[in-house]
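Read through the structure below, which is laid out as structure tokens, and then see the notes.
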Amino acid sequence: MTRIDLDSAWTVRAVGGAVPEYLTGVAVPAAVPGSVHLDLLAAGVIPDPYLDENEAALAWIGRTDWHYETTFDWDGAGAAAGTGSGAEPPVVDLVALGLDTVAAVRLNGTVIGETGNMHRSYRFPVADLLRTGRNTLSVTFTGALTAAEDAARTLGERPHVNRHPYNAIRKMACDYGWDWGPEILTAGIWRPLYLQTWRRAGIDGVRPLVEFDGTDGVVHAHVDLRWAAGAAGAAEPLRLEVSVGDAVTSAHLPAGRESAIVEVRVPEARRWWPRGYGDQPLYDVAVSLHDGGSVLDEWRGRIGFRTVAVDVTPDAEGTPFTVVVNDRPVFAKGFNWIPGDCFPSRVTRKVYADRLEQACEANANLIRVWGGGIYESEDFYELCDELGLLVWQDFLFACAAYPEEDPLLAEVVAEAREAVTRLSPHPSLALWNGGNEDVWGYHDWGWPEELDGRSWGWRYYTEVLPQLLAELDPTRPYVPNSPYSFDPELHPNETAHGIKHIWDVWNELDYTEYRRHRPRFVAEFGFQGPPTWATLVRAVHDEPLRPDSPAMAAHQKAEDGLGKLTRGLAAHVAAPQTFEDWHWATSLNQARAVAFGVEHLRSLAPLCMGAVVWQLNDVWPVVSWSAVDADGRPKPLWHALRRAFADRLLTIQPRDGGLALVAVNDCDEPWRGAVAVTRRTFDGSELARFDLELEVPARGVATRALPARIAVPDAADVEVIVADAAEGRALWQFREDVAARLPEPELACDVERTPTGYRVTVTAETYVRDLTVLADKVTPDARADPALITLLPGESTVFEIRTTATPDPKAFLSPTVLRNANQLRGQPR
């Protein structure tokens, strides 16, 4: 088998639709894999769509048809593949792993295929069309917005969020705009394209499904085969060999057999665990197809031995939703993942590694791949395998009603079959989910009236997808949608049952209202904040910068987003008077809001067994719910979540009309230790003290009521409760900053050079909240750690700043760089 990558000498030109005059008849060099926006940007004919208001100025690209073309030489060398046993003529296929989206593919002027699905691959036989010498290959894409609107008219309009009918076409939904993403309607060859020459038979897919038999690991390798025309009638069987580590099993296959199952036993297999629960041993798997002494085809991957289930057995509180790995319940500390870029071909293994390692450093153990994006590349899932990050994988449906009829039905089945097959080896893949907020949308967003009896996707979630998984991957649990209550008689977002999305907080309510919810598992909740300063000023160049200046508004996609940010601040800090104060205040408020929710949810365990934050990452520079911005810089939220997701957490929570210290222990060992709980004034004076001994079981929670002398203040506007243990500190400030008498921050600071940058030491002479060095304001590559540190008078902390630059050290001590909450205190009410 040979492969010739067709990744060079491509050009792209506009051939129809809204073509600007300056591009008429103009071809520019094109990258494969890539996207038309990137090609035009590289050619210097459009500005960067991520900057300022360029997104709107480039909307015409989505209404333009694009013609990609290349030439390549073919010398018929693939015929050498036919010199073996039987000397069958070779088969030559054009394999396209990703075409975005509605396209016609031509070889030497002949249409060899038409496509309509970004989320699947295509294989076209081309041996009869190849010429010795020069060949011309072209792919012509219909404009993405035109294609979606045409499909919607054909299938019938159905309700969806946002402006455009993304639900009529199998393309990355968020390309059409989302409440954190731009309308950048891409086209292009976004995954590799190549010629493959083979003979007799080849491997179409491998599903190495695992189970345990006592101490032995058992792999059932399901192998799908394709056969060359006429080869199925050959007399000689083929040999299929499957190895898992050092264990090898072979089977003989009669000609024409389209699938086979080969069992391989691995004695005393080591179990794969999610991070925080054990190691992640991985086993190499190799599948080879033999014809006599020659190898016709090979497949390689890695697996891990583990079991996974979801416990939804009704109990006295409702319906739980608990992920269970290797028979052990796991509290899911997670992030939602959206595509890493509007242009997925730019998302390299390093980008995936950086983001996923940031999730791990924030103490997460689960990543949910959201249904409005893509099935990510192998790099993503391989890294999750290695890092021990459980993957919750949505099928690609989001916030819309979807036609259940052909041609969409056939495309959904084809893409789902391919995705399940491709992702099945990965031990990190723990859960399949039918879609995002589709069932909730049908119940609450007025769809039945709009649909007037037309299909909307229920059949996908309750028949098509579960039946397909029963056939292809019965080893993993499946849920029909998120949120979902597991009882058709109940509202799909019912708090006491199954999976919950909490969006009344942010949209309508203050973040302290998280405490009204007592859910079993939360798969989405979050609060907005701006990107880090360096990311923001790289992308937005308004003069002056204001929260509502034109380019800032273009980088805020949420409905009434600025209004919600402003109202969200009001109960907590004084109204910011400058843009820099606004940036700091909204960043801080985002961090506090989401950490507040996480601490509440973790304190409810085991009633609640999951807190999956919306969201880890961004597709572009934007005001959003992310913890890490589009340039990869951690926001204050990331630092807050690292503490809130820590294996051992102390938090003070309201309980039974008073206050309680809650200790959450997400470790395999009991947590024992002393805690000193004091009530203090802001000047550091100790007013009351309560000493206790912690005794928290492994993977457990302990709650201790605080006595009135601690829980009841004498002067609420100048007092705070401090609970100190070896593993960390919990604080309870009796009044929000806006109503408290926070002192003017008095700090003694020192800066010194280090081999990796700078070290800033700060000693507080007053009570100071949430000290943070916004180091990227000094130089864009600077990162400061830790952040959001609260100090009592006389206490010190050290910030390590990593940078390759050599700015004036005093710049890190500027009051607009060395930030704290006291700077936002205003006048108490």
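The single condition among (1) surrounded by 13 or more Cβ atoms within 10 Å (Cβ to Cβ); (2) in a loop (DSSP other than H, G, I, E, B) that A688 does not satisfy is (2).
Looking at region 751-774 only, could you name the residues that are out of contact with any helix residue (DSSP H, G or I) (no Cβ under 9 Å at 6 or more places or on another chain) and outside any strand (DSSP E or B)? Selection gives P755, T756, E765. Among the residues making up region 99-150, those that are in contact (Cβ under 8 Å) with a residue 40 or more places away in the chain, open to solvent by less than 50 Å² (accessible area, probe 1.4 Å), more than 18 Å from V15 (Cα to Cα) and not in a loop (DSSP other than H, G, I, E, B) are G116, N117, G133, N135.
A search for C-beta distances below 6 Å between a residue of region 217-232 that is under 22 Å from P281 (Cα atoms) and outside any helix (DSSP H, G or I) and any residue that is acidic (D, E) and open to solvent by less than 10 Å² (accessible area, probe 1.4 Å), counting only pairs 6+ apart in sequence or on different chains, returns nothing.
Does P488 meet the test of being at pLDDT 95 or above and either surrounded by fewer than 16 Cβ atoms within 10 Å (Cβ to Cβ) or assigned to a loop (DSSP other than H, G, I, E, B) (or both)?
Values: at pLDDT 95 or above: no; either surrounded by fewer than 16 Cβ atoms within 10 Å (Cβ to Cβ) or assigned to a loop (DSSP other than H, G, I, E, B) (or both): yes.
No; evaluated as a whole, the condition is false for this residue.
A single entry from T566, T535 fulfils the requirement of being without any contact (Cβ under 8 Å) to a residue 60 or more places away in the chain, part of a helix (DSSP H, G or I) and hydroxyl-bearing (S, T, Y): T566. Contact annotation: residue pairs with Cβ atoms under 6 Å, 6 or more positions apart or on different chains, pairing a residue in region 340-353 that is in contact (Cβ under 8 Å) with a residue 40 or more places away in the chain with a partner that is part of a helix (DSSP H, G or I), are G340/V351; F343/L38. Among residues of region 184-197 that are charged (D, E, K, R), those with a beta-carbon under 7 Å from a residue that is part of a loop (DSSP other than H, G, I, E, B) at least six positions away or on a different chain give the pairs R191/P33; R191/L97; R191/G98.
To keep it simple, each residue is scored yes or no on (1) among the β-branched types (V, I, T); (2) in a helix (DSSP H, G or I); (3) within 22 Å of M172 (Cβ to Cβ).
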position: A414; (1), (2), (3): no, yes, yes
position: E418; (1), (2), (3): no, yes, yes
position: T421; (1), (2), (3): yes, yes, yes
position: E449; (1), (2), (3): no, yes, no
position: G453; (1), (2), (3): no, no, no
position: R459; (1), (2), (3): no, yes, no
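For region 720-738, the candidate set comprises residues that are in contact with a Leu (Cβ under 8 Å, 6 or more places away or on another chain) and open to solvent by 10 Å² or more (accessible area, probe 1.4 Å); within that set, the residue that is farthest from S685 (Cα to Cα) is E727. The residue list P474, P427 contains one member that is under 26 Å from the mean Cα position of the chain (by Cα), open to solvent by less than 10 Å² (accessible area, probe 1.4 Å) and more than 23 Å from H501 (Cβ to Cβ), which is P427. The single condition among (1) small (G, A, S); (2) under 29 Å from A332 (Cα atoms); (3) in contact (Cβ under 8 Å) with a residue 12 or more places away in the chain that G214 does not satisfy is (3). May I ask you to list the residues in region 392-424 that are open to solvent by 10 Å² or more (accessible area, probe 1.4 Å), acidic (D, E) and either under 15 Å from D473 (Cα atoms) or touching a Phe, Trp or Tyr at 6+ places or on another chain (Cβ under 9 Å) (or both)? Selection gives E404, E418. Contact map, region 685-712: first residue free of Cβ contacts under 8 Å to residues at least 12 places away in the same chain, second residue open to solvent by less than 50 Å² (accessible area, probe 1.4 Å) and among the hydroxyl-bearing types (S, T, Y), Cβ cut-off under 9 Å, separation 6 or more or different chains; pairs are E686/T678. Region 775-827 holds no strands (runs of 3 or more DSSP E) entirely within its bounds that carry 1 or more residues that are buried (at least 21 other Cβ atoms within 10 Å of the Cβ) and touching a residue at least 60 places away in the same chain (Cβ under 8 Å). Looking only at region 464-471, decide whether some residue is in a loop (DSSP other than H, G, I, E, B) and either open to solvent by less than 40 Å² (accessible area, probe 1.4 Å) or among the small types (G, A, S) (or both). No: zero hits.
To keep it simple, each residue is scored yes or no on (1) more than 20 Å from K500 (Cα to Cα); (2) aliphatic (A, V, I, L, M).
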residue	(1), (2)
V323	no, yes
G334	no, no
V369	no, yes
E404	yes, no
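Here's a check for you: in region 151-173, which residue that is part of a helix (DSSP H, G or I) and of a type in the set (G, A, S) is nearest to the chain's Cα centre (by Cα)? Going through the qualifying residues, I end up with A173. Considering the conditions (1) open to solvent by 40 Å² or more (accessible area, probe 1.4 Å); (2) part of a helix (DSSP H, G or I), R741 is excluded by exactly one of them, (2).
In this structure, does G529 turn out to be farther than 20 Å from P182 by Cβ and open to solvent by less than 40 Å² (accessible area, probe 1.4 Å)?
So G529 does not fit the description; no.
Residues D770, D785: which one is over 30 Å from A570 (Cβ atoms) and either at pLDDT 95 or above or out of contact with any strand residue (DSSP E or B) (no Cβ under 9 Å at 6 or more places or on another chain) (or both)? Write out each step before concluding.
Numbers: D770 fails: over 30 Å from A570 (Cβ atoms).
Step by step, each of D770, D785 is checked, and only D785 is over 30 Å from A570 (Cβ atoms) and either at pLDDT 95 or above or out of contact with any strand residue (DSSP E or B) (no Cβ under 9 Å at 6 or more places or on another chain) (or both).
Scanning region 246-269 for residues that are surrounded by fewer than 18 Cβ atoms within 10 Å (Cβ to Cβ) and part of a loop (DSSP other than H, G, I, E, B) yields a count of 8. If you go through region 357-382 and keep only what is within 13 Å of the chain's Cα centre (by Cα) and more than 20 Å from V323 (Cα to Cα), you end up with E357, Q358, G372, G373, I374, Y375, E376, S377, F380. Residues in region 5-62 that are over 28 Å from L94 (Cβ atoms), of a type in the set (D, E, K, R) and either within 32 Å of the chain's Cα centre (by Cα) or modelled with pLDDT of 95 or more (or both): D48, D52, E53, E55. Among the residues making up region 182-195, those that are farther than 18 Å from Y375 by Cβ and either modelled with pLDDT under 95 or assigned to a loop (DSSP other than H, G, I, E, B) (or both) are P182, I184, L185, A187.
Among the residues of region 554-611, what is the count of those that are within 23 Å of F734 (Cα to Cα), touching a Lys or Arg at 6+ places or on another chain (Cβ under 7 Å) and of a type in the set (F, W, Y)? Residues in region 554-611 being within 23 Å of F734 (Cα to Cα), touching a Lys or Arg at 6+ places or on another chain (Cβ under 7 Å) and of a type in the set (F, W, Y): 1 in total.
The values are calculated or read from the model by the stated rules, or taken from the named source; none is laboratory data. It should be emphasised that the depicted structure is a prediction, and the values quoted were computed from it without experimental measurement. For neighbour counting, all protein chains shown are included, and Cβ atoms are generated from backbone atoms with ideal geometry for every residue, glycine included. These area figures cover heavy atoms from the full protein model, side chains too; ligands, DNA and RNA do not enter into them. Shrake-Rupley method; radii C 1.70, N 1.55, O 1.52, S 1.80 Å.
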